[in-house]
Amino acid sequence: MNTLQQLRFIWKPVVFCLCLVPAMLVFGDAFEITGRLGANPVEAIQDRFGYWALRFILITLAVTPLRRLTGWNWLARFRRMLGLFTFFYAFMHFLTWFVLDREMRVGDIIEDLTERPFITIGFVAFVMLIALAITSFTAIRRRMGRNWQTLHNAVYAVGLLGVWHYWWQVKKDVTEPLVYAVILSVFLGARLIKYWKRKKPGRR
């Protein structure tokens with residue numbers, strides 16, 4: 001079995017199952033199989049899906065710099081899967097807020113979106129993720145051509161909005177969102193350095 005076959009038939013299924021573990025633990029805790037959600041189960045479910053959406057976008061952004069540092073080009077084959085799991089956890093985060101928290105009450109939803117800035121920017125990030133998820137498939141990528149890469153560079157904006165959304169939501173201890181902000185800053189810095197080097201005179 002060559003490397004590509006190992007990636008397809010062994011490592012991709014393994015990574016896929018690992019990516020599902022946080023969701024399975026949420027559902028397990030919800031039914032008190034693997035643990036408990038605490039005094040406010042809806043908030044706990046919403047927060048945990050949100051945390052994992054943010055973690056997965058950072059993991060997705062880590063693929064390219066890690067590939068360049070190590071020379072492990074096969075890492076790129078996991079990027080789309082990780083990006084789609086980012087969308088999955090963000091969708092579950094949104095769905096928990098929409099159905100369980102706001103109970104699909106249009107008035108409450110509009111009020112949250114217009115009067116609570118951290119929800120507004122979180123929703124903007126989610127809409128951007130929808131666009132990235134829809135256009136992640138190979139056939140659409142080929143149709144879009146160079147425009148595809150331009151659109152998918154918006155993943156950095158999604159990361160920024162996600163960290164901002166979390167930071168504004170936290171009322172006291174900002175340690176965790178600060179850690180995410182530092183990690184994201186490293187990835188953005190690496191991206192900007194690469195862009196700057198490409199723009200230097202005499203380089204192509």
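What follows draws every value from the coordinates through simple rules; no lab data is involved. This is a predicted model, so every value here is computed, not measured. Every residue, glycine as well, gets a Cβ built from its backbone with ideal geometry; the counts of neighbours run over all protein chains shown.
Quote the relative contact order of the chain in percent (integer), defining contacts as alpha-carbon pairs under 8 Å separated by 6+ residues. Don't skip to the answer; put the middle values down first.
Working: 152 pairs, mean separation 36.7, N = 204.
The value is 18 percent.
When the charge dipole of the range 114-204 is built from unit charges on Cβ atoms (+1 for Lys and Arg, -1 for Asp and Glu) and taken about the Cα centre, the candidate among L184, V170, T135 whose Cα reaches farthest toward its positive end is T135. Extending 7 Å from the Cα toward the beta-carbon at both L66 and V179 defines two label points whose distance is 1.6 nm.
In the range 1-120, one over the average inverse separation of all distinct C-alpha pairs is 16.3 Å, which is the Kirkwood hydrodynamic radius.
Could you compute the FRET efficiency for I193 and A76, with r as their C-beta to C-beta distance and R0 at 22 Å, rounded to 0.05? About 0.65, to the nearest 0.05.
Applying both filters, DSSP loop and at most 16 other Cβ atoms within 10 Å, to the GluC sites (Glu not before Pro) of the range 58-139 gives E103. Couplings 3J(HN,Hα) of the range 136-151, computed from phi: 7, 7, 4, 4, 5, 4, 5, 5, 6, x, 5, 5, 4, 5, 4, 5 Hz, in residue order, whole Hz [Karplus 6.51 cos²θ - 1.76 cosθ + 1.60, θ = phi - 60°; x for Gly and Pro]. Rounded to the nearest 20 debye, the dipole magnitude of the chain is 2080 debye, with +1 charges on Lys and Arg beta carbons, -1 on Asp and Glu beta carbons, and the Cα centre as origin.
Which of the DSSP-defined H helices in the chain satisfy a minimum axial length of 18 Å, computed from C-alpha atoms, and a minimum mean Kyte-Doolittle hydropathy of 1.6?
Numbers: long enough: 12-30 (28 Å, 1.75); 41-70 (42 Å, 0.52); 79-95 (24 Å, 0.96); 117-134 (26 Å, 2.61); 155-169 (21 Å, 0.61); 175-199 (36 Å, 0.48).
Within the chain the helices that satisfy the rule are 12-30, 117-134.
The label point for C17 and the one for A39, both projected 7 Å from the Cα toward the Cβ, are 3.9 nm apart.
Between Y51 and Q6, what is the FRET efficiency for a Förster distance of 30 Å, r being their Cβ-Cβ separation, to the nearest 0.05? If you can, show how the numbers build up before the last one.
Details: r = 31 Å, r/R0 = 1.04.
So the FRET efficiency works out to roughly 0.45.
Estimated from the Cβ-Cβ distance and a Förster radius of 30 angstrom, the FRET efficiency linking R146 and V124 is about 0.75.
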